[in-house]
Amino acid sequence: MLGAALLSTFHLLALAVGLPGVVMRGRALRRLATDPSAVDDVLFADNLWGLAALAWIGTGLARMLGDFEKGPGFYLSSDSFLVKLGLLGVAMTLELWPMVTFIRWRVKKAKGQPLDTSKARALATVNSVEVGLTVAIPFVASMMARGIGFTWFA
Ligand code: HEM
């Protein structure tokens with residue numbers, strides 16, 4: 001039981017770190033258009049977002065596949081769970097561009113080279129969609145945890 005409680009705690013704490021992280025990343029990206037020093041805030045917020053993603057996926061898979069919650073059979077037959085993973089799949093696909101971009105920024109920054117931040121506004125738009133998905137997933141997760149499904153799947 002303690003294992004289940006710890007996994008649940010870190011799964012929820014990931015939300016307390018990830019949602020502020022992705023919101024702050026978006027704000028810093030918008031500031032970047034007029035304030036080049038905002039790049040440090042973008043990368044700091046991106047670290048929080050990345051940490052949360054690792055925690056969500058690690059604890060989530062353990063809770064789904066392990067003997068901690070309702071077992072894989074329950075989740076794999078739950079359309080809410082499939083919708084949840086679908087939303088997460090969209091978020092992870094959208095995240096590919098920002099993730100690669102910020103890795104490049106870190107490498108260039110470490111070498112003291114100038115950064116191309118001309119795409120900051122477009123990255124901020126992608127970031128806003130990710131904020132929306134991060135807010136939507138807990139709604140579906142709470143339905144999933146209580147066995148509530150989407151009638152259209154019945
Ligand atoms: C690979 C990714 C993920 C997997 C496999 C996963 C799996 C799970 C599982 C098995 C539970 C326990 C449900 C129960 O009590 O029966 C859970 C709960 C929850 N998950 Fe995830 N999760 C993932 C990602 C996420 C993400 C990205 C978020 C938020 C953005 C999230 C938010 C939640 C919340 C809020 C709960 C608690 C629901 C409640 O008890 O009311 N999960 N998740």
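The values are calculated or read from the model by the stated rules, or taken from the named source; none is laboratory data. Values in this document were obtained by computation on a predicted structure and should not be read as measured data. Glycine also receives a Cβ, built like all others from the backbone with ideal geometry; neighbour counts cover every protein chain displayed. When the accessible area is computed, the model is the full protein with side chains, heavy atoms only, and any ligands, DNA or RNA have been set aside. Shrake-Rupley method; radii C 1.70, N 1.55, O 1.52, S 1.80 Å.
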Find all pairs meeting these conditions: Cβ atoms under 8 angstrom apart; at least six residues apart or on different chains; first residue within region 127-148 and modelled with pLDDT of 95 or more; second residue among the basic types (Lys, Arg).
-> Asn127/Arg25; Ile137/Lys84; Val140/Lys84; Ala141/Lys84
Residue under evaluation Gly66, criteria (1) closer than 25 Å to Ile148 by Cβ; (2) surrounded by 14 or more Cβ atoms within 10 Å (Cβ to Cβ); (3) within 8 Å of the ligand (Cβ to nearest atom), criterion not met = (3)
Does region 52-67 contain any residue that is polar (S, T, N, Q), farther than 17 Å from Phe139 by Cβ and without any contact (Cβ under 8 Å) to a residue 12 or more places away in the chain?
-> no
Working only within region 86-111, note down all residues that are in contact with a helix residue (DSSP H, G or I) (Cβ under 9 Å, 6 or more places away or on another chain), within 16 Å of the ligand (Cβ to nearest atom) and open to solvent by 50 Å² or more (accessible area, probe 1.4 Å).
-> Leu88, Val90, Met92, Leu94, Met99
Looking at region 21-34, which of the residues that are in contact (Cβ under 8 Å) with a residue 60 or more places away in the chain and of a type in the set (Lys, Arg) is most open to solvent (accessible area, probe 1.4 Å)?
-> Arg30
Considering residues that are of a type outside the set (Gly, Ala, Ser) and in contact with a His (Cβ under 9 Å, 6 or more places away or on another chain), the number found within region 37-85 is 3
How many residues does region 112-153 hold that are open to solvent by 50 Å² or more (accessible area, probe 1.4 Å) and in a helix (DSSP H, G or I)?
-> 11
Condition test on Ser77, is it among the small types (Gly, Ala, Ser), surrounded by fewer than 18 Cβ atoms within 10 Å (Cβ to Cβ) and in contact (Cβ under 8 Å) with a residue 40 or more places away in the chain?
-> no
Is it the case that some residue within region 35-58 is of a type in the set (Asp, Glu), open to solvent by less than 60 Å² (accessible area, probe 1.4 Å) and either away from the ligand (no atom under 12 Å from the Cβ) or outside any helix (DSSP H, G or I) (or both)?
-> yes
Return a yes/no flag: does region 78-86 have any residue that is in a helix (DSSP H, G or I) and under 15 Å from Ala14 (Cβ atoms).
-> yes
